[in-house]
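For reference, the structure is listed below as structure tokens.
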Amino acid sequence: MRLAGEHALVTGSTSGIGKAIAVEFGGQGAAVAVHGRNVERGTAVVSQIETAGGTARFFPADIAIEAECEALVNAVHKWAGGLTVLVNNAVGGSLSGVETHDSKVGDMDTAHWENALRMNATAPMWLIRAAIPHMRAAGHGSIINVSSRQAERPSSGLCAYAASKGAMNALSRAVAVEYGAEAIRCNTISPGYVLNERRDADIAPERRERFERMHVTRLGEAGDVAHAAVYLASKESGFLTGINLQLDGGSSIARALTIG
């Protein structure tokens, strides 16, 4: 029970990486606030945690809206009796409700650019801002921002995503500097390609092989990120803040096999 006594909010935790983190946190003794906008999936994650003996509750919120970020954090604090761990994992969403697409800079849609920055940098800032007073009251806190290797090694046509995740990385370092003296730590995880239960359910063998060759070891799984998050949330990493953990199967230290 490496997280016994901790109270955690994991945004975007109804599927994928966020779900894996929430479930692992619950298994390690934390009271877990599962967040998302799909009630059915959120309830299923809560049920999974509770069936395994953990404590969890689902909180719906649109974190693209400033007021909902503060309300979410305060609601979690009221339910759990504290907030000591915040995982900013949620991505996606659209303010206008109009579908937009990432692109190269020369083709960038301003609405998409601003939405990417809001979801990947501004919303995490709002949530961190709301969480800081509760972590101060608890005497410690761990903030974990789930970024992407795109921030350091962007692919063509993903300009807004890469830039917004780069902003998230910078935000993490700033928070680490500003609140380290108060025992509030902030770190970033930048996963490589992680298999997704919905997106990759029917992945073609040749596509999977191409992604595998982008890594020195193997393709990542959501559980890999969850294990790293447990470490960063626990007291075991109490001397660690301001890092960007490149959780990418070694692709950040060597040329991918697809490049040669």
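The values are calculated or read from the model by the stated rules, or taken from the named source; none is laboratory data. If you're wondering where the values come from, they're calculated on a predicted model, not measured in any experiment. Virtual Cβ from ideal backbone geometry, glycine too; neighbours counted across all protein chains shown.
Scanning the stretch 146-155 for residues that are surrounded by fewer than 17 Cβ atoms within 10 Å (Cβ to Cβ) and not charged (D, E, K, R), which turns out nearest to residue 84 (Cα to Cα)?
154
Working only within the stretch 128-166, note down all residues that are touching a His at 6+ places or on another chain (Cβ under 6 Å) and more than 22 Å from residue 116 (Cβ to Cβ).
Result: 134, single match.
Six or more apart or on different chains, Cβ atoms under 7 Å: show the pairs whose first residue is in the stretch 228-253 and modelled with pLDDT under 95 and whose second is hydrophobic (A, V, I, L, M, F, W, C) and crowded, with 19+ Cβ neighbours inside 10 Å.
Within 7 Å, the pairs are 247/189; 247/225; 247/228.
For the stretch 101-121, enumerate the residues that are buried (at least 16 other Cβ atoms within 10 Å of the Cβ) and in a loop (DSSP other than H, G, I, E, B).
102, 103, 108
Return the residue satisfying two criteria in turn: it lies in the stretch 195-248 and is in contact with a strand residue (DSSP E or B) (Cβ under 6 Å, 6 or more places away or on another chain) and part of a loop (DSSP other than H, G, I, E, B), and of such residues it is surrounded by the fewest Cβ atoms within 10 Å (Cβ to Cβ).
Only one residue fits best here, namely 243.
Mind checking whether some residue in the stretch 146-166 is touching a residue at least 24 places away in the same chain (Cβ under 8 Å), over 25 Å from residue 14 (Cβ atoms) and among the aromatic types (Phe, Trp, Tyr)?
no
Across the stretch 135-145, what is the number of residues that are surrounded by 22 or more Cβ atoms within 10 Å (Cβ to Cβ) and either under 20 Å from residue 79 (Cβ atoms) or in contact (Cβ under 8 Å) with a residue 60 or more places away in the chain (or both)?
Summing the residues that are surrounded by 22 or more Cβ atoms within 10 Å (Cβ to Cβ) and either under 20 Å from residue 79 (Cβ atoms) or in contact (Cβ under 8 Å) with a residue 60 or more places away in the chain (or both) in the stretch 135-145 gives 5.
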